[in-house]
Structures are given as structure tokens and as C-alpha cells.
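Single-structure report; data block below.
The values are calculated or read from the model by the stated rules, or taken from the named source; none is laboratory data. The shown structure was predicted, so the numbers you read here are calculated from the model rather than taken from an experiment. Cβ: placed from backbone, ideal geometry, glycine included. Neighbour counts: every protein chain shown. Note: accessible area is taken over every heavy atom of the protein model, side chains too, but ligands, DNA and RNA are not part of it. Shrake-Rupley method; radii C 1.70, N 1.55, O 1.52, S 1.80 Å.
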Amino acid sequence: MPRKTIALATAAVAVALLAGCSSTQAGPADVSSGAPQAPRTTAAAAPEQTEAEACALVEDRTQSFRSGATTPTTDAERVALVRSFTDEIDAVLPDVTNEEVHDALSTFRDGADTLADRVESEGSASPESLAQFQRTVEQVSAVCD
């Protein structure tokens, strides 16, 4: 059941980031900006990875994060939790050769970083940027659920 666990871990990070971060500010954040994506290994270097294998790899490599994460109570703690999880995603992405899983995790990571940046700089995130980030969570859940 690793696919379910990675989807739950991603959702937990999303909830941590979303909790207490909304405001009535206008203006969506662009979570699909031209931010650089983690480098991919070439398909020629390894046999094709299935979605299940890719999700299991992510699950295995993020286990320490999931077991040690605590529920944040302040914006600073929420941002730190999200940054920690995105660091874990960055570390595993080069080994994720399944295109669908790689793309979903990259998009999630970029969205989480963008939203964390906004909370860090402005103290909150707009409802539009929260909705945009929620879509990235749904992408990961669709692939690894």
C-alpha cells in the first residue's frame, strides 16, 4: 500500500501549508512558473519504471520525513515543514524515471515552494494560490493513490 501512503504524506504536507495560510488577498501565485525542475535520469540508463515502482521509491526515500514530522502551529513552522518535504522530494526526483510520477512530484514541489515563499514574504497566501496548490496535490494523489 505504498502508493496510498505517499499520497497521504503529500496531503499532510498540503494541509500543514494550507492551515492558517489563507487570506483575502487577491492575485494568484503562478505555481507552474518557469522554475527549474530536478534533473531526470535518462530512460536509456535504466529499465522503464512503473508508476507503482516510482511511488514506492518516493515512499521509501521520504519515510524518515513522514515519521519525524510534527504538526506545525506557526507560519514559520509550516514553511519549515514544507521546505523539509520539498528537500526530500528534490533528493528522490533524479531517481524517479517514470514520467507521470516525476512530473506530478515536480509540479507539487514547485507549487509548495511558491506557496511557502508567499507565506514567508507576505505572511499569507491568497485563496487563488491555495486553490492552485491544491490542484498540484490532486495530481500527485491521482498518480500515487
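Quick notes
- Residue pairs meeting the criteria (Cβ under 7 Å; at least 6 apart or on separate chains; first aromatic (Phe, Trp, Tyr), in the stretch 127-145; second not in a helix (DSSP H, G or I)): 133/31
- When the stretch 33-58 is filtered for residues that are modelled with pLDDT of 70 or more and closer than 20 Å to residue 113 by Cα, only 58 remains.
- Considering (1) modelled with pLDDT of 90 or more; (2) open to solvent by 80 Å² or more (accessible area, probe 1.4 Å); (3) under 16 Å from the mean Cα position of the chain (by Cα), the lone condition that residue 94 does not fulfil carries the number (2).
- Residue within the stretch 53-66 that is touching a residue at least 24 places away in the same chain (Cβ under 8 Å) and part of a loop (DSSP other than H, G, I, E, B) present: yes
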